[in-house]
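I have placed the structure first, in the form of structure tokens, so that the comments after it can refer back to it.
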Amino acid sequence: MVIEAGRQHIVFQDDQAYPYRPSAWFQWLAPAPPAPGSLILLQNNELPELLLVTPEDFWHAPPTVPTAPWTRHFTSLRCPPPRPRWSAR
């Protein structure tokens, strides 16, 4: 099973975004720092995987992989954000 944190929504015809709020189920299982697009992968008889999206951004500091006590129940991985299909090469 995959649980998504949710996505950042951009204001129409603007470079601003609405305030980001992660999915309630994601936040309940992993109170990680805000990281739109992050996932929790649940598989039988294995530790859940926390795939934390950490984009490289000039203006904003990327979220850090958490080190709180709850993280011992997860395998945490940093992932780059997916590239859009329409991006120029």
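Let me have the 222 nm mean residue ellipticity of the chain computed from DSSP H runs of 4+ only, each contributing -39500 (n - 2.57), with the sum over all residues rounded to the nearest 500. So the calculated ellipticity at 222 nm is -1500 deg cm²/dmol. Exposure proxy shown here: for 78, 21, the number of other Cβ atoms within 10 Å sets the order, fewest to most, as 21, 78. For the charge dipole of the chain, defined by +1 on Lys and Arg C-beta atoms and -1 on Asp and Glu C-beta atoms about the Cα centroid, which residue among 33, 44, 69 has the Cα displaced farthest towards the positive pole? Positive-most Cα among the choices belongs to 44. Applying both filters, DSSP loop and at most 14 other Cβ atoms within 10 Å, to the GluC sites (Glu not before Pro) of region 32-61 gives 46, 56. A value for volume of the Cα convex hull per residue in Å³ was derived from the coordinates, and within the list (1) 94; (2) 130; (3) 217 it appears as (2).
Taking 17 Å as the cut-off, the amide N atoms of region 44-67 that come nearer than this to a point 7 Å along the Cα-to-beta-carbon line of residue 76 belong to 47-55, 61-67. For region 11-79, applying the loop criterion from DSSP together with a ceiling of 10 other beta carbons within 10 Å to the chymotrypsin sites (Phe, Trp or Tyr not before Pro) yields 12, 58, 59.
A short reminder: the numbers here are calculations on the coordinates, not readings from a lab. Keep in mind the model is a prediction, meaning the values are calculated, not measured. Neighbour counts are summed over all protein chains in view; Cβ atoms, including those assigned to glycine, are modelled from backbone coordinates with ideal geometry.
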